[in-house]
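Data block below; observations after.
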Amino acid sequence: METKFFLGANSPGGFNSLYSDFVDPERDRLNIIKSGPGSGKSTFMRLIAERAEGLGYDVELIKCSGDPDSLDGVYIPAKNTAYVDGTAPHIIEPVYSGSGDNYIDLSKFYDRDGVRSVHAEIMGLTADYKAEYQKAYMLIASAHSAETALKPSSSEYTDRALKRISSVLAREIKSSGKRGGKQRRRYLNAVTCKGRIAFYETVPQLAERVFIIDSDAGLNKPVMAEIRKKAGNMGWDMILCLSPMDPGEILHIILPELSCAFVSSLSAEPYPYEGYRRIRLDSIPDSGFMRAVKESKKLPEAILNEAVKKLEKAKEYHDELEKVYNPFVDFDSVRALALNEADRLFG
């Protein structure tokens, strides 16, 4: 089984990182890869993921919100082992250095004299792509502000929404018989250089029963809070998938132990699969309210489209930066190290 998530989001507050939530430091071993652009970090992790999948292991892939084709992390649960890109903007350091966590330094495969010879070009492209990210963050913040200002409040309908979900929760979430279920935070959605992306294909991998919640009115917020409260009180582990536009908001909740999930289906990112049951929260407000909600989305979406253009430009600059580094990287040694690491891990 292969699942995909993001651990970072291009959000109104800039880059929002959940990388500290990637693994359990008490149980898992985290290998933190350190090096610069174009040094083969994604290639290194992809080779290990391919070996794991070829041997039949479940693998969790962490994709990059800046470039969703790139890999930022790999977790093999059966081996309690993960690999992660620990460089900016998602810097991560060991919790238990050596005993639990380990550094992998790929910068040793740079031709340092060669890289130094293109120092001026590196500085220019680094400044260029970082500047485009800052513009994107400002536009994402503007889109969020516009949506907050224009969207009508749905608070008067909260009680009815909670009543609609109550029978489902009573039936689906009973006591686990244990205390203190663990909560992992992830992003299933992201605003990227390719526009909005949602790894909805992950959900049916982890849950047979998927409850689709129509959520443009905003009533998913109190409903998700209630689901989290109920599952927590009953002792279940859960994966909380946050909103990239508001990292304080829960968009989706997956309960792997129950093979159950609750997914917010947005008009901009509709859940594409059939699901187990659809909970039509957007049918609670009257048609006039929902027309106002629809109208309120036009300006924020237009602004967000401009943010995506800035993310596209940032990726172009970053791709050029990697091309500058590439001639001075010993990729054969990077691949050999990855294969040796896979041999050590899988035997």
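The values are calculated or read from the model by the stated rules, or taken from the named source; none is laboratory data. All values derive from a computational prediction rather than experimental measurement. We place every Cβ from the backbone using ideal geometry, glycine too, and count neighbours over all the protein chains shown. These accessible areas exclude ligands, DNA and RNA; they are computed on the full protein's heavy atoms, side chains included. Shrake-Rupley method; radii C 1.70, N 1.55, O 1.52, S 1.80 Å.
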Fraction of accessible area attributable to carbon and sulfur, region 203-277 (%, probe 1.4 Å): 47 percent
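Kindly provide the helix-only [θ] at 222 nm of the chain, computed as the sum of -39,500 (n - 2.57) over DSSP H runs of four or more divided by all residues, to the nearest 500 deg cm²/dmol?
Details: 9 runs with 139 residues, N = 347.
So the calculated ellipticity at 222 nm is -13000 deg cm²/dmol.
Beyond 29 Å between alpha-carbons counts as too far, so tell me which of 135/294; 135/229; 34/194 fall in that bin. Walk me through the intermediate numbers first.
Working: 135/294 26 Å; 135/229 37 Å; 34/194 26 Å.
Listed pairs above 29 Å: 135/229.
Using mean Cβ contacts within 10 Å as the protection proxy, how do 280-289, 253-262 order, highest first?
Values: 280-289: 15.5, 253-262: 21.4.
Ranking the peptides 280-289, 253-262 by packing returns 253-262, 280-289.
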Estimated vicinal HN-Hα couplings, Hz - region 138-145 in sequence order (Karplus 6.51, -1.76, 1.60; Gly, Pro = x): 5, 5, 4, 4, 5, 4, 5, 5
All Cα pairs of the chain, percent lying beyond 38 Å: 21 percent
Pairwise centroid distance, computed over Cα atoms, of region 219-291 with region 1-24, Å: 18 Å
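Sort 229, 178 by accessible area with a 1.4 Å probe, largest first. Could you put the intermediate results ahead of the total?
On the way: 229 125, 178 80 Å².
The residues order as 229, 178, largest area first.
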Euclidean distance of C-alpha centroids, region 317-347 and region 168-188, integer Å: 39 Å
Region 89-240 - Rg (one decimal) and Dmax (whole number), Cα, Å: 22.7, 67
Cα centroid separation, region 100-121 to region 25-79 (Å): 20 Å
Where region 263-318 is the region considered: accessible area per residue in Å², 1.4 Å probe: 56 Å²
GNM result for the chain, Cα springs below 10 Å: residue of 71, 18, 266 fluctuating most strongly: 266
For the chain, built as a Gaussian network whose Cα springs stay under 10 Å, the top-fluctuating residue of 329, 191, 168: 168
